[in-house]
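Written out below as structure tokens is the structure these notes cover.
Any read-out appearing in this document is the output of simple, stated calculations on the displayed coordinates, not a laboratory observation. Here the structure is a predicted model, which is why all the values come from computation and not from measurement. Positions of Cβ are backbone-derived with ideal geometry, glycine not excepted, and every protein chain shown enters the neighbour counts.
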Amino acid sequence: MNMSLPADYLGRELSVITYFPEGQEGLRVQYPALTSDDARIAPLAVFAVRYNIAMTIYAILAIALAGVFLLDNWNNRNPDGKTLLLCLYFLLLFLNEAYNSTAGYYSILTSRLDLRVLRPVYMAPLYLYIALRLGPRWQLPLCGIIAAWAVYEVVQEGVILYQNDPGTASTTGPGALLVLLTVIAAFCVEIVQQRREGRLERKKMLRYGLMGAAVAALYMSDRFRAWGGAGSYLREGVWTSLLMGNYWAVVTPITDIISYLTVATMLVEVVRRTLRSRRTVAVLRERERRTMESYERMLAAENATNALHHEMRHHMTALSALLQSGDIQRANSYVDAVAGELEQLPTGRYSQNVLVNVIAGSYLDRAKERKIRVEHRLNVPPELNIADEDLSVLLSNMLQNALEACERMEPGRERYIKVDMRLREKFLFIQCVNSMPDEAEKEGARPRHGYGLAAMRRIAEKYDSVLVVERSQGEFSVMSDLCLRER
């Protein structure tokens, strides 16, 4: 039926009454368009552009998450394998939306990809990601439920496709909603449990709660605007779909909000980790600078001590001459002057290596003054094939941490520092064991070894080794086996 408006029509509403011949009442009613073709096509074009932009963002997120995993693996940071699940989710989301698109650049994939069997379970990697982020008690049962649901949906979709029934439409069944609600319930219970145990700060909960509310508000406001209001969306989108047995209008928004919130959380954590890493690097560089200044001062003192030892024979000769001449007053003055210089000598000799001796002497002498028991075995040759600054940073931080831990212990308790350092072929073994206060094992009261351990770990990795750190009741141990370079 062709229909056109009168040339003199000035109204804004038009009522059309359609009569169907007998037996053809099921034909679709066609309403006349009161606008031009450009006005009717423009909203469709805008929707297609937005649709393609969304798919592009999904693809970028998938590539970015894969890049984060590879970058962590490249930097030897023990990459989080669960990131790949999130990457797989956005990849499947992109392919699913691209397959369903009918306009735009990605619509060409429709003729080249057949992902219909995966359409009901494209959100499964996201559910698995959340399940694996929860405590161990939730991981196995949730992963089992998600896997069973995914297998069932894939098999059911495969049967529908095999039957090739054009009247059977693929829908989001109640199983997807039940799995989603189960994952959300487990997540909420885990959050409450962590809060009761004090493992989750209230500020952190508030921060991520506000972030989730903002993401949900932005997402739902966009949906309401697309449907012409919240009432229209709930009535025509959600309620109508539920009456038809399709739960997509409930599952899809919740899943999208969770995915966007997860990505936002990851971005916040990446920024925080980057800032923390930069701050740590700055502190480590400052500590290394101070350590080298201390080393240079101690080395100057050691050189002065060696010079004083060398000159002691001359001092004795001069003193003997004064005594033989009977000048007792000058002899006493000379003795006082030499005694003042002798006070600068180290109280003990720890190693044949000058650098090891001055560093160990600086910290172990202070430990003895504070009544801390010291045991040392520093069998190190005068020459080591290791950079002085590296050895200084490693040994200084090791002994400084040990000394600080012993100083924090309550009076009356046994305090000790045990240092073992020896050369084994081309490896330099170094270990420091010290006592520490029991309260250091409690949450929030651990010893402040963070920067020192980071500096020592960097030196160990530089010489193809690892830093082994062990904590037990009342004792702290640090050990490494440095692979020395060939001369």
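Annotations
- Checking every one of the GluC sites (Glu not before Pro) in region 393-422 against DSSP loop status and a limit of 12 other Cβ atoms within 10 Å picks out E414.
- In this structure, D365 and S325 have a Cβ-Cβ separation that, at R0 = 30 Å, corresponds to a calculated FRET efficiency of about 0.20.
- Extending 7 Å from Cα along the Cβ direction at I184 and again at Y219 yields two label points whose distance is 1.0 nm.
- Amide H contacts under 5 Å for E475: M436, restricted to partners 5 or more places along the chain or on a different chain, H placed in the peptide plane at 1.01 Å from N.
- Net charge dipole size for region 349-487 [Lys, Arg +1 and Asp, Glu -1 on Cβ; Debye, nearest 20]: 240
- Under 23 Å from the Cα of K82 - lysines, other chains or at least 8 residues apart: K204
- Efficiency of FRET between Q193 and V354 - r from beta-carbon atoms, R0 60 angstrom, step 0.05: 0.60
- Proportion of all alpha-carbon pairs of region 349-487 beyond 17 Å (%): 57
- Label-to-label distance, D438 versus A148, with points set 7 angstrom from Cα along the beta-carbon direction: 4.7 nm.
- Taking trypsin sites (Lys or Arg not before Pro) across region 185-285, the ones in a DSSP loop with at most 15 further Cβ atoms lying within 10 angstrom of their Cβ are R199.
- Take the Cβ atoms of L84 and R272, set R0 to 25 Å, and the FRET efficiency comes out at 0.70.
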